1. Only one residue in 90, 74 is free of Cβ contacts under 8 Å to residues at least 60 places away in the same chain, closer than 20 Å to residue 21 by Cβ and not assigned by TED's automatic domain parsing to the domain that holds residue 21, so which one is that?
2. Just to check your reading of the model, which residue among 37, 98 is under 30 Å from residue 20 (Cα atoms), surrounded by 13 or more Cβ atoms within 10 Å (Cβ to Cβ) and either assigned by TED's automatic domain parsing to the domain that holds residue 20 or touching a residue at least 60 places away in the same chain (Cβ under 8 Å) (or both)?
3. So if I check each of 77, 69, which one is buried (at least 16 other Cβ atoms within 10 Å of the Cβ) and within 14 Å of residue 39 (Cα to Cα)?
4. Specify the residue that is nearest to the chain's Cα centre (by Cα); the eligible residues are those in region 14-34 that are at pLDDT below 75 and surrounded by 14 or more Cβ atoms within 10 Å (Cβ to Cβ).
Amino acid sequence: MNKKKDLLMVSLLFLSTLIVFFKVIFLGKVFFGDDFILYFYPLRMYVANLLKEGIFPLWTPGILCGHPLFASNSCALLYPFNLLFTLFPSIFTFHLLIILH
């Protein structure tokens, strides 16, 4: 009986996630605002491209008079799931990270 109850709960959780993120998953909508599109996404793509080239991004001269990337929580360089940006460089990766959290 517990297995059926557990399966039901997991199914309800999965179904509720699909309902909440329906437009994002199936219709390709973006559910976050300008900060993600104008700042976080380009920054993470920049870091992913540097990592692909074999460069460990400590600093970027392109933001104001320079910006520390390694120490910045904006690009989240040491967060393991952000390595997905090196494999799948798209807005879909942002959606995937947000949905999985």
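1. Working: 74 fails: closer than 20 Å to residue 21 by Cβ.
Result: 90 is the single residue among 90, 74 that is free of Cβ contacts under 8 Å to residues at least 60 places away in the same chain, closer than 20 Å to residue 21 by Cβ and not assigned by TED's automatic domain parsing to the domain that holds residue 21.
2. On the way: 37 fails: either assigned by TED's automatic domain parsing to the domain that holds residue 20 or touching a residue at least 60 places away in the same chain (Cβ under 8 Å) (or both).
Step by step, each of 37, 98 is checked, and only 98 is under 30 Å from residue 20 (Cα atoms), surrounded by 13 or more Cβ atoms within 10 Å (Cβ to Cβ) and either assigned by TED's automatic domain parsing to the domain that holds residue 20 or touching a residue at least 60 places away in the same chain (Cβ under 8 Å) (or both).
3. Values: 77 fails: within 14 Å of residue 39 (Cα to Cα).
Just one listed residue meets the conditions, 69.
4. Filtering first and then ranking leaves 32.
This table checks each residue for (1) in contact with a helix residue (DSSP H, G or I) (Cβ under 6 Å, 6 or more places away or on another chain); (2) at pLDDT 75 or above; (3) outside any loop (DSSP other than H, G, I, E, B).
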residue: 54; (1), (2), (3): no, yes, no
residue: 62; (1), (2), (3): no, yes, no
residue: 65; (1), (2), (3): no, yes, no
residue: 72; (1), (2), (3): no, yes, no
residue: 78; (1), (2), (3): no, yes, no
residue: 84; (1), (2), (3): yes, yes, yes
residue: 92; (1), (2), (3): no, no, yes
residue: 95; (1), (2), (3): yes, no, yes
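The values are calculated or read from the model by the stated rules, or taken from the named source; none is laboratory data. Everything quoted here is computed from the prediction, not taken from an experiment. When we count neighbours, we look across all protein chains shown, and the Cβ atoms used for this are built from the backbone with ideal geometry, even at glycine.
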